[in-house]
1. Using 0.36 nm per residue, how much length does the chain from Leu672 to Ala346 gain when fully extended, once their Cα-Cα distance is taken away?
2. Remind me, what semi-axes does region 18-176 give for its equivalent ellipsoid, largest first in whole Å, using sqrt of 5 times each Cα gyration tensor eigenvalue?
3. In the structure displayed, which of Lys642/Lys689; Lys316/Lys416; Lys74/Lys124; Lys416/Lys541; Lys663/Lys689; Lys52/Lys175 lie more than 25 Å apart, Cα to Cα?
4. Take peptides 171-182, 69-80, 569-580 and line them up by average Cβ neighbours within 10 Å, highest first, as a rough protection proxy.
5. Any chance you could list P(r) for region 139-297, counting all Cα-Cα pairs in 5 angstrom bins from zero, rounded to whole %?
6. Which Cys residues of the chain have no other Cys beta carbon under 4.7 Å away?
7. Please give the helix 60-78 orientation as an angle from the longest Cα principal axis of the chain, in degrees from 0 to 90, rounded to the nearest 10.
8. Computed FRET efficiency, Cβ-Cβ of Glu127 and Val649, R0 45 Å: what is it to the nearest 0.05?
Amino acid sequence: MSPPQMLTRTPLLAGIDPEAKRAEILRYFHDTFDRYESLFESLSCDEAYFVKPIALRHPLIFYLGHTATFFANKFVLAGLLTARIDPRLESTFAVGVDEMSWDDLDDAHYEWPTVDEVWAYRRKVREAVDRVIRETPLGLPIGWDDPFWAVLMGIEHERIHLETSSVLMRQHPLKYVRPTAAWQPCTERGEPPPNSVVDIPAGTVRLGRPFDDPYYGWDNEYGSHEHRVAAFKAARQLVSNREFLAFVEAGGYADDALWDDEGLSWRKFARAEAPTFWVPDGDTWRLRLMAEEVPMPWNWPVETNCHEARAFCNWKSRESGQPVRLPTEDEWHRIYDHVGLSDVPADARAGANLHLDHWASSCPVDRFAHGELHDVVGNVWQWCETPTYPFDGFRVHPLYDDFTTPTFDDRHNMIKGGSWIAAGNEARHVSRYAFRRHFFQHAGFRYVVTDAPTAYVSSQYETDSLLSQYAEFHYGDAYFDVPNFPQALARLAIGAMARRPARKALDLGCATGRASFELARHFDRVVGVDFSARFINAGVKLAEQGVLRYTIPDEGELVLYRECRLEDLGLAEVSDRVEFWQGDACNLKPVLSGFDLVLAANLIDRLYSPRRFLSAIHHRINPGGLLLLASPYTWLEEHTRKDEWIGGVKKDGESYFTLDGIKELLLPNFRLLRDPLAVPFVIRETRRKFQHTISEVTIWERLPD
């Protein structure tokens with residue numbers, strides 16, 4: 001059988017000839033659109049489009065329409081189309097099902113259009129995209145912010161669904177699919193050689209891409225990540241069907257001790273006793289391919305979900321007495337670097353079962369050698385132990401702000417290396433795809449032997465509305481040219497310290513901690529205290545990890561994704577001087593004393609007893625030390641009973657302001673260093689709603705006892 005025609009590669013988006021590049025992108029679009037449509041020729045009848053292959057996903061009629069409507073919807077957003085092509089279909093096919101659990105059944109009933117309607121719609125989309133590519137002004141390079149980026153986004157999105165749709169067809173009843181000449185599987189079958197391990201030396205991996213990289217990429221590929229990987233051993237080959245059979249025959253699917261809690265729940269729900277694509281055949285097994293069943297190719301890679309791969313590693317570890325697990329994303333890249341691989345060439349077939357360059361199926365695990373190993377890329381995706389997370393400097397793309405962010409939940413694990421059908425961006429080693437651990441893809445695994453821990457940075461975005469608002473207030477953009485408020489207060493405090501000792505500072509009502517970190521530029525030790533454990537946890541995360549990610553309201557239900565990094569603010573080098581405590585400013589622990597500075601920012605008008613606080617705070621401050629108070633004096637009974645207000649009231653028939661009350665309470669133990677200052681601040685609520693407030697700042701020196 002002659003090899004299939006090579007599928008075009010993802011194009012370089014730079015060069016000196018825009019018209020040649022336009023023609024290349026047009027070929028890339030047609031090649032992708034044609035190949036995707038040829039996949040659906042594997043369906044045997046119209047009924048096959050409307051019967052769900054699995055309960056967790058839409059029927060295949062959705063996927064036939066979805067990739068086409070994606071072009072139309074994104075082109076309208078990008079300004080490449082002035083109007084939709086078919087608003088009804090572009091709504092029907094807009095959003096797929098990303099099940100969050102194996103029992104998250106979607107019983108909704110949809111009024112799907114007919115198969116002929118969807119094919120007719122695809123023809124209209126082809127004409128529209130063709131016209132956009134031919135007529136839209138094109139300059140080089142094509143960058144992230146270029147409207148033409150949406151063209152590549154649509155093409156690469158279709159290539160992703162080329163693979164996901166093929167997996168659904170593989171799970172369809174055989175009566176609904178048929179082999180076709182364009183999708184021929186490998187016929188090489190036999191017994192695999194025994195697997196063994198290869199030494200992978202220690203090394204540093206540097207991942208991520210700059211935003212001016214000349215190839216299309218999805219948002220999670222950008223930014224930077226660097227990690228020193230300890231030496232480890234890696235399996236020479238992917239785990240084959242034969243190697244996995246030993247786990248099955250040893251009762252691995254019935255041994256609860258080999259499965260973590262999530263995996264055990266899935267296994268019991270699914271009643272799994274063997275890999276999903278294995279079909280019992282008397283006392284042996286057959287393998288389900290995309291459109292047929294074949295005698296079990298024992299030398300092909302086993303295909304599992306992440307739970308099954310982890311259970312196998314636990315069994316292998318118990319049997320061998322060695323620490324066996326899945327590789328991390330960093331370890332996979334270390335293997336890639338060690339064997340000296342590079343991406344699929346533009347003008348030659350891949351030296352791997354990748355990019356549909358060879359077959360429409362897996363192949364033997366020893367067919368493609370990569371240095372001392374086989375199938376470092378290609379054949380099947382490889383499950384990693386790493387949940388997906390954003391690199392430093394991650395940004396969402398405005399045209400597709402929910403491509404990756406829904407997976408930042410520590411429940412989607414990375415897959416690396418690509419499968420036989422992974423094409424375009426998917427086939428590049430920088431690509432980063434992740435799925436829920438119960439999910440099935442054309443995915444298997446290789447194991448590693450190492451004692452190294454698998455620590456990773458949590459990827460979750462803080463969504464608590466108040467915490468996110470304060471994170472933006474402390475670390476986000478400046479609005480209306482108003483300086484950052486916590487930073488401004490810290491600078492005032494440091495300036496007032498002059499030659500005074502700067503051993504310890506206390507930041508009361510620290511919220512998410514910006515002033516605490518700023519004070520650490522000057523003080524040997526800073527303690528941030530807040531009543532809210534949520535706020536304290538944000539400060540702790542910043543001190544420990546240097547990064548905090550959060551969402552802020554934009555408009556209606558729309559949100560923006562934000563990331564603050566101490567390193568970007570010049571605060572990383574002082575973070576070890578800061579600690580955060582939960583506490584009540586009106587009832588502080590005795591240990592919180594001996595401070596050279598106490599900062600209380602926008603605090604006193606939110607206390608249940610500001611009088612108690614101000615009357616006792618001198619016990620916490622060293623003689624000669626300073627107290628900086630800042631407050632807009634916005635007294636509210638929801639925070640402070642009216643009889644506890646220390647100002648903003650009538651007293652003896654006259655107006656009694658908060659500063660009057662502060663003086664009355666502090667002057668026995670403090671002297672006012674200077675006239676009060678008006679310091680503004682702005683809190684963002686939504687894209688078009690802000691609070692602009694003036695805080696009055698007073699600085700007090702603690703008198704000798």
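Values quoted throughout were computed directly from the atomic coordinates according to the rules given, and no laboratory measurement underlies them. Keep in mind it's a predicted model, so treat the numbers as computed, not measured. Cβ coordinates were reconstructed from backbone atoms using ideal geometry, including for glycine residues, and neighbour counts include every protein chain displayed.
1. Difference between extended and current length: 110.0 nm.
2. Equivalent ellipsoid semi-axes, largest first: 30, 16, 15 Å.
3. Long pairs (Cα-Cα over 25 Å): Lys642/Lys689; Lys416/Lys541; Lys663/Lys689.
4. 69-80, 569-580, 171-182
5. 1, 6, 9, 11, 12, 13, 15, 15, 10, 5, 2, 0, 0
6. Cys45, Cys306, Cys313, Cys384, Cys510, Cys564, Cys586
7. 50 degrees
8. It comes out at approximately 0.05.
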